[in-house]
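Visitor: Below are the structure tokens for one structure; questions will follow.
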Amino acid sequence: MIQNVWAVGRNYAEHAKELGNEVPTEPMIFLKAGSTTTLAAKEIHLPAWIQEVHHEVELALRFDDNLQIEEACIALDLTERAKQNQLKAKGHPWTLAKSFTESCPLSPFFPVSDLEELKKLDLILKINGEVRQKGNTSQMIFSLEKLIDYVRHHFPVVPGDLLLTGTPSGVGPIQRGDHLEAEIQGKMKHSWKVS
């Protein structure tokens with residue numbers, strides 16, 4: 001059971017720009033409930049109340065019993081963008097936009113022996129066969145080591161928690177009936193049907 005999902009916002013400069021946000025000077029962390037995750041599922045079930053859900057493909061790291069990283073996977077940080085924009089405009093928390101049911105689909109995990117092996121990998125998301133997001137982990141503003149140290153220093157991280165490391169540019173809406181295929185080059189591929 002995953003208890004917490006520590007997610008990093010705006011860790012790719014082009015993604016920050018596409019949403020009209022400033023590039024951060026220190027990691028910007030928000031929390032998704034661990035219960036939002038689905039592991040190696042084949043479908044994503046969108047809640048009935050949603051208006052505009054956007055895809056955000058990410059490399060996710062999993063903390064082991066010693067709070068080190070021994071596993072990783074692909075994560076989708078699904079975001080209810082219309083609700084997020086409404087709440088942000090009012091200065092309200094936007095948990096509803098980020099932590100709704102099934103808002104964090106995960107691929108199967110793969111082993112990580114050294115963080116170096118994750119630092120120059122293409123991260124790709126296709127929707128209905130068309131590439132929508134493509135970035136490289138070398139484009140991250142904050143390194144994996146910096147993010148890991150930051151969350152361990154500031155938050156009550158527990159074994160099994162996930163760290164989402166940010167999404168490249170190209171985010172956009174998904175619809176019921178879409179077929180999503182995500183890939184971390186040479187490490188993992190996984191696909192979902194949206195319903």
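Visitor: If we only count strands (runs of 3 or more DSSP E) wholly inside segment 102-195, which ones have 3 or more residues that are out of contact with any helix residue (DSSP H, G or I) (no Cβ under 7 Å at 6 or more places or on another chain) and modelled with pLDDT of 95 or more?
Guide: Result: 122-127, 130-136, 179-184, 188-194.
Visitor: Also: Quick check on segment 90-99. Is at least one of its residues outside any loop (DSSP other than H, G, I, E, B) and either within 28 Å of L118 (Cα to Cα) or of a type in the set (D, E) (or both)?
Guide: The answer is yes; a qualifying residue exists.
Visitor: Look through F155, F109 and report the one residue that is more than 16 Å from A7 (Cβ to Cβ), of a type in the set (F, W, Y), out of contact with any Gly (no Cβ under 9 Å at 6 or more places or on another chain) and surrounded by fewer than 20 Cβ atoms within 10 Å (Cβ to Cβ).
Guide: F109
Visitor: Are any residues in segment 96-133 farther than 22 Å from A40 by Cα and in contact (Cβ under 8 Å) with a residue 40 or more places away in the chain, and if so, which ones?
Guide: Scanning segment 96-133 gives a single hit, L115.
Visitor: Inside segment 1-29, can you point out the residues that are under 22 Å from L106 (Cβ atoms), modelled with pLDDT under 90 and part of a loop (DSSP other than H, G, I, E, B)?
Guide: M1, R10
Visitor: Just the residues that are open to solvent by less than 30 Å² (accessible area, probe 1.4 Å) and within 14 Å of A33 (Cβ to Cβ), please, taken from segment 74-98.
Guide: Selection gives A75, D77, L78, A97, K98.
The values are calculated or read from the model by the stated rules, or taken from the named source; none is laboratory data. All values reported here derive from a predicted model rather than from experimental measurement. As a convention, Cβ positions derive from the backbone with ideal geometry for all residues, glycine included, and neighbour counts pool all protein chains shown. In case anyone asks, the SASA skips ligands and DNA or RNA and just uses the protein heavy atoms, side chains included. Shrake-Rupley method; radii C 1.70, N 1.55, O 1.52, S 1.80 Å.
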